[in-house]
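Enquirer: Take this structure first; my questions come after.
The values are calculated or read from the model by the stated rules, or taken from the named source; none is laboratory data. Quantities reported herein were computed from a predicted structural model and do not represent experimental measurements. Heavy atoms of the whole protein, side chains included, go into the accessibility calculation; ligands, DNA and RNA do not. Shrake-Rupley method; radii C 1.70, N 1.55, O 1.52, S 1.80 Å.
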Amino acid sequence: MSKTTTTLIEILETTAFDYGFDKVFSKETNQILKGDEDVALQVQIVQYSPFIQNLSNREIFGGYFLKSQGANKKFKQMFINRFLQYEIAFQTVDLFRNNCAAMLAQNDQYISSIYENFEKYASGYNDTNTTKNENENDVDNNIRKVNSAVISTPQDNPLVDLNNDIVDYADGSSRANEKTSNNKDINKNANEQTTSTNFNPDVLQKLDNLYSDKLNEFENALFLKIF
C-alpha cells in the first residue's frame, strides 16, 4: 500500500540534520557514532534525548509546553514513541503541527493534573478538614461590699443610714464582701485535619488507562488509520 502522507519518523529524520545531527559525530555526546545514523537517531528518540526534545517541540508540537514540566516530557515521549511510524492525517506538516499544539492546549490541565497527582491518586490519598465545636463556660466572679446592721430602733430615731460608718441606735453593724457569679457560654470552632491512604491496584490500572485513553484521542484526531 502506497503512502498517503508522511510519518513522525520521517519528519524527525529530515529535519534532524538541519539542526546539527551528524551521522558520523555526535556533538551532544562528543563521540563518534557507531552504526548507521538511523539507529543512532532512533536510540535518541526512544530515550527522548534533549536533542529530540528540542527537535520535536519545534517540528511536531508547535512550540507548546504543558504547564507541568514533568508531564510535558513524559507525555511527549510517549506520544513520539507510540506514533513514530504513523502517517499524519493532514496534507502538510504545518497543519498537523498546529492541530497537535491545539490539542495539547485543550488537554493541558487534565494531563498535567494526572501527572502531578499520580501518586496521590494511586495511593487513594484522602485529605479531610473537619470542624469541631467546643463549648466553654466562662465564670465572671464579681465582689461587692454589703453593709448590714442589727438594730433595735428606738421610737424617736426610726431611720438608720447603713452607708454611714456611725450608726445611731443600732445594736450592731457589719460589713461583708459578697461574691457574685456571671456564667457565659463560649462556642469555639477548632479545625482538625486528617489524612489517609488506601492503595488499590484497580485505581492504578484505571490511571494507566487514562494515559492510554488520552493518547487514543490524539491518534483519532491527528493520524490516519494506515499502518
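Enquirer: Can you tell me which condition Ser56 does not meet? The list is (1) assigned to a loop (DSSP other than H, G, I, E, B); (2) modelled with pLDDT of 95 or more, and all the others hold.
Expert: Condition not satisfied by Ser56: (1).
Enquirer: Filter region 196-227 down to the residues that are of a type in the set (Phe, Trp, Tyr) and modelled with pLDDT of 65 or more and list them by number.
Expert: Step one: filter region 196-227 for residues of a type in the set (Phe, Trp, Tyr), giving 199, 211, 218, 223, 227.
Once the filter is applied, which keeps residues that are of a type in the set (Phe, Trp, Tyr) and modelled with pLDDT of 65 or more, region 196-227 yields Tyr211, Phe218, Phe223.
Enquirer: On to the next question. So which residues in region 50-65 are open to solvent by 10 Å² or more (accessible area, probe 1.4 Å) and either within 30 Å of the chain's Cα centre (by Cα) or on the phi > 0 side of the Ramachandran plot (or both), if there are any at all? Outline the logic, then answer.
Expert: Residues of region 50-65 open to solvent by 10 Å² or more (accessible area, probe 1.4 Å): 50-51, 53-54, 57-59, 62-65.
Answer for region 50-65, where residues must be open to solvent by 10 Å² or more (accessible area, probe 1.4 Å) and either within 30 Å of the chain's Cα centre (by Cα) or on the phi > 0 side of the Ramachandran plot (or both): Pro50, Gln53, Asn54, Asn57, Arg58, Gly62, Gly63, Tyr64, Phe65.
Enquirer: So, one more: Give the residues of region 16-31 that are among the aliphatic types (A, V, I, L, M) and modelled with pLDDT of 60 or more, sorted by residue number. First the steps, then the outcome.
Expert: Initial filter on region 16-31 (among the aliphatic types (A, V, I, L, M)): 16, 24.
Result: Ala16, single match.
Enquirer: Collect the residues in region 78-135 that are in a loop (DSSP other than H, G, I, E, B), modelled with pLDDT of 85 or more and open to solvent by less than 80 Å² (accessible area, probe 1.4 Å), keeping them in residue-number order.
Expert: Applying the first criterion (in a loop (DSSP other than H, G, I, E, B)) to region 78-135 yields 83-86, 89-92, 117, 124-125.
With the extra rule that they be modelled with pLDDT of 85 or more, the set shrinks to 83-86, 89-92.
Selection gives Phe83, Leu84, Tyr86, Ala89, Phe90, Thr92.
Enquirer: Of (1) modelled with pLDDT under 95; (2) open to solvent by 90 Å² or more (accessible area, probe 1.4 Å); (3) not β-branched (Val, Ile, Thr), Glu13 satisfies all except one. Which?
Expert: (2)
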